[in-house]
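Asks: One structure, as structure tokens, below. Some questions next.
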Amino acid sequence: MKTLVILLLFLAIGSLASGLFFLMHDKGQSDRTAKALTWRIGISITAFLLIMIGGYFGFIPVHGVQP
């Protein structure tokens with residue numbers, strides 16, 4: 001589970017980098033920047049949900065505050 005979340009975070013960073021690349025090189029002539037940033041949002045939401053689900057079901061141990 002942790003490996004999957006870390007992989008998704010790296011994918012989100014890669015998508016952010018590709019969005020920056022398209023922003024600099026396309027100069028507003030295509031929609032590749034918007035598509036790359038939309039993918040980043042989807043990947044980030046998926047990673048967040050996996051962290052929440054992993055904590056709830058005990059796949060990711062929660063330290064500190066006990067309910």
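The values are calculated or read from the model by the stated rules, or taken from the named source; none is laboratory data. Being a predicted model, the structure only gives us computed values, none of them experimental. Please note: Cβ atoms are built from the backbone with ideal geometry, for glycine as well, and neighbour counts cover all protein chains shown. These area figures cover heavy atoms from the full protein model, side chains too; ligands, DNA and RNA do not enter into them. Shrake-Rupley method; radii C 1.70, N 1.55, O 1.52, S 1.80 Å.
Asks: Over the chain, what is the relative contact order in whole percent, taking alpha-carbon pairs under 8 Å and six or more residues apart?
Replies: Details: 46 pairs, mean separation 27.3, N = 67.
It comes to 41 percent, rounded to a whole number.
Asks: Could you give the length gained on full extension between LEU4 and LEU20, defined as 0.36 nm per residue of separation minus the Cα-Cα distance, in nm?
Replies: Details: separation 16, 0.36 × 16 = 5.76 nm, distance 2.44 nm.
Answer, rounded to one decimal: 3.3 nm.
Asks: Leaving out ligands, DNA and RNA, what percent of the accessible area of the chain is carbon and sulfur, probe 1.4 Å?
Replies: After summing per-atom areas, the C and S share lands at 75 percent.
Asks: Can you work out the Karplus-derived ³J(HN,Hα) for every residue in segment 40-47? Use 6.51 cos²θ - 1.76 cosθ + 1.60 with θ = phi - 60°, whole Hz, and x for glycine or proline.
Replies: So the Karplus estimates, Gly and Pro as x, are 4, 5, x, 5, 5, 5, 4, 5 Hz.
Asks: Please list, in chain and number order, the residues 5+ apart from ILE60 or on another chain whose amide H is under 5 Å from its amide H, with Hs placed from the backbone.
Replies: GLY55
Asks: Taking a probe of 1.4 Å, how large is the accessible area per residue of the chain, in Å²? Could the numbers behind the result be given before it?
Replies: Details: 5390 Å² over 67 residues.
It amounts to 80 Å² per residue over the chain.
Asks: Turning to a different aspect of this structure: Quick one: if the Förster radius is 25 Å, what FRET efficiency do ILE60 and ALA34 give, using the C-beta to C-beta distance and rounding to 0.05?
Replies: On the way: r = 32 Å, r/R0 = 1.29.
FRET efficiency, ILE60 to ALA34: 0.20.
Asks: Where does the chain land at 222 nm, in deg cm²/dmol rounded to the nearest 500, when only DSSP H runs of n ≥ 4 count, each adding -39500 (n - 2.57), divided by all residues?
Replies: -27000 deg cm²/dmol
Asks: How compact is the chain by the rule of thumb for globular proteins, expressed as Cα Rg over 2.2 N^0.38 Å?
Replies: 1.45
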